[in-house]
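Before any comments, here is the structure.
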Amino acid sequence: MTTFPNGFLWGAATAGHQIEGNNVNSDWWARELTMPGMELSGDACDSYHRYREDIALLADAGLTSYRFSLEWSRIEPVPGHFSKAELAHYRRMIEYCFERNITPVVTLQHFTTPQWFANDGGWLAPDASEKFQRYVKATTDILDGVQWVVTMNEPNMQAAIMTAMRRMQQSPDSQWQSPTVEGEEEKKQSHGEFLTYADPEIGRTFTAIHHAAREILRANISAKVGWTIAAGALTAVPGGEEKLLEIRYGKEDVYWEGSRGDDFVGVQAYSSQQVDANGLVPHTPYPDNTLVGTEYRPDALSMAVRHAWDITGGVPVLITENGIATADDNQRIRYTTEALQGLHQAMTDGIDVRGYLHWSLLDNFEWGHWEPTFGLIAVDRETFARTPKPSLAWLGRVAQHNELDIEVLS
Ligand code: BGC
C-alpha cells in the first residue's frame, strides 16, 4: 500500500519573482533589461493581484499546502525602509491560506534580492548577513501562526547564478542561459570552468547567513525553520568516484551540512546526472528529455532524499520542490507518480519526510525563459486566465486519499 502518514502535507510551490509581475526593484528585473538572451518577467502571471484565485484553485483541488515567497525588494525597496503596505499584502496571503485550511510554507528569499543589495556586492559583501538579518527581523511581524519558514531557496543554485552572471560580464557577447536550464553553454563548460561556482567557501558564507537568520526567527516566532537545497542526485561512472565527491561537496554537501541543527531541510530534486573523471557529464539528449534539457529521472527524488538524510544526519525532510518541465501533462502525472513511489519507499526505509510540494502551481517565469512549463495550471500571459491541467486534479486526489493512485502507470 502506498499510503502516506496522517498530516503529510500535499501542496504546490511558487516563487514571487516567477509569478507576481513587475518586481521593478529586484536585481533580476535590472538584469532582464540588460542581459542578451533573457526574456522579461514583465507582468509574469500577475499573481501579485490574483493570489486568491491561485490559492483557491489549489485548495479546491484538494491540496493542503502552498509554498510561496516574500519579495524582499518589495518589502525593503531602499535600505532600511520597510513597506508596511507590502508586509500587509503578504500577511493577507497568509491569512487567506488559513481561511482555506491551507498550510503556508513561506520562503523569505527565493533567488531575487533588492537591486541595492546586489549593487552593494550581494551575498559576498562583508555586511550581507547584517542586511539580511534586518530584513528577516522585519518579516517576523507578519509570520504569526506560520509553521514552516524557509530562510533562503537553494543557496547552492544562487551560487551558480552568481557565477553565470560573472561569466556574462566577462564575455558580454554571450547569451544568457539560466543554470536551471541545461543548454549548449553548460555542455561546453561542464568539463571544467563551469564547476568554479562549486567553491565550498561560498557555501560556508551562505551557511553563516542562514544560521544568523535562523536565530532571529527562533527568537521571534514559533515556526519550524530550514532552508532548501538543489539536489543533483549525482552518480559516478567508473573512474569518476573521486571527482564525484569533490564536485558534490562544493555543489551541495557543504549546504546539507549547513542544515544540521535546522528543524527541517527542503529537498528539491528534478533529475540525476553522472560525473566522470573530468567532471559533470552532459545529459544525453534522449527524446523524452524535459524542456530544460535534463533527463527524465523521477528516481532523482528518492536518491536526493536518501543523500540528504545521510549528510544532514537525520534532519526531517520536506520536499519543497519536485516536478518536470513538459508540455505533456500525462508525462507530468507519470513522472510524479514514479517520484512519489520512490519517496514512499525511502519513507518505508525509515526516512522522516513531512510533505510533498510540487513545482510548480503555475506555468511561470523560468529565470530568463518562458518556454519551460512546470505548472499544474496553465496561464494565458495576455489575459492571465488560469486553466488547470488534469495533473492538478490528479494530485489533489492523491492528497485527499493520502494515497498514491498507481493505476496511472498500468
Ligand atoms: C528553483 C525554481 C525553478 C525550478 C525549476 C529550482 O531551481 O527553486 O525557482 O523554477 O528549480 O528549474
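Miscellaneous remarks
- Counted as membrane-span-like here are DSSP H helices of the chain whose alpha-carbon atoms extend 15 Å or more along the helix's own axis and whose Kyte-Doolittle mean is 1.0 or above; there are none.
- The modelled label-to-label distance between L124 and A30, using points 7 Å beyond Cα along the C-beta direction, is 1.6 nm.
- In the assembled protein chains, T373 presents an accessible area of approximately 30 Å² (probe radius 1.4 Å).
- Extension gain, R260 back to D405 (0.36 nm per residue minus Cα-Cα distance, nm): 48.8 nm
- Backbone N under 19 Å from the E382 label point (7 Å along Cα→Cβ), restricted to segment 21-40: 40
- Beta bridges per DSSP with both ends in segment 2-399, % antiparallel, nearest 5: 15 percent
- Just checking the listed ones, V24, V254, V305: in the Gaussian network model of the chain with Cα springs under 10 Å, the one fluctuating most is V24.
- Only Cα pairs under 8 Å and 6+ residues apart enter the sum, and on that basis the relative contact order of segment 2-399 stands at 19 percent.
- A protection proxy built from the mean count of other Cβ atoms within 10 Å ranks the segments 32-43, 312-323, most packed first, as 312-323, 32-43.
- Every helix of 4 or more DSSP H residues in the chain counts as -39500 (n - 2.57), and over all residues that averages to -12000 deg cm²/dmol at 222 nm.
- Along principal axes, Cα extents of the chain, largest first, whole Å: 54, 50, 44
- Once you reduce segment 366-387 and segment 217-275 to the center of their Cα atoms, the two points are 28 Å from each other.
- Each residue, F98 and D352, gets one label point 7 Å from its Cα in the Cβ direction; the gap between the two is 2.7 nm.
- Remark: the chain carries 38 Å² of accessible area per residue (probe radius 1.4 Å; ligands, DNA and RNA excluded).
- Shown for segment 277-380: the carbon plus sulfur share of the solvent-accessible area, taken with all protein chains present and a 1.4 angstrom probe, equals 49%.
- Here's how it looks for V292: its modeled amide H is under 5 Å from those of A325, which are all 5 or more places away or on a different chain.
- Within the chain: Cβ-based charge dipole about Cα centre, in debye rounded to nearest 20 (Lys, Arg +1; Asp, Glu -1): 860 debye
- Net charge of neighbours whose Cβ lies under 12 Å from the Cβ of M38, counting Lys and Arg as +1 and Asp and Glu as -1: -2
- D299-N6 FRET efficiency (beta carbon distance; Förster radius 25 Å; 0.05 resolution): 0.40
- Projecting the Cα positions of I351, Y51, P172 onto the charge dipole of the chain (unit charges on Cβ atoms of Lys, Arg, Asp and Glu, taken about the Cα centre) puts Y51 furthest along the positive direction.
- Entries in K137/K251; K84/K137; K137/K224 that, when Cα-Cα distance is taken, lie over 20 Å: K137/K251
- Packing here is the average count of other Cβ atoms within 10 Å per residue, and on that basis the peptides 81-92, 131-142, highest first, run 131-142, 81-92.
- On the basis of the beta-carbon distance and an R0 of 60 Å, R397 and Q169 show a calculated FRET efficiency of 0.80.
- Report note on the peptides 381-388, 356-363: ranked by the mean count of other C-beta atoms within 10 Å, highest first, their order is 356-363, 381-388.
The values are calculated or read from the model by the stated rules, or taken from the named source; none is laboratory data. Computed from a predicted structure; not experimentally measured. Note that each Cβ is placed from the backbone with ideal geometry, even for glycine, and that neighbours are counted across all protein chains shown. Surface accessibility is based on the protein's heavy atoms, side chains included, excluding ligands, DNA and RNA. Shrake-Rupley method; radii C 1.70, N 1.55, O 1.52, S 1.80 Å.
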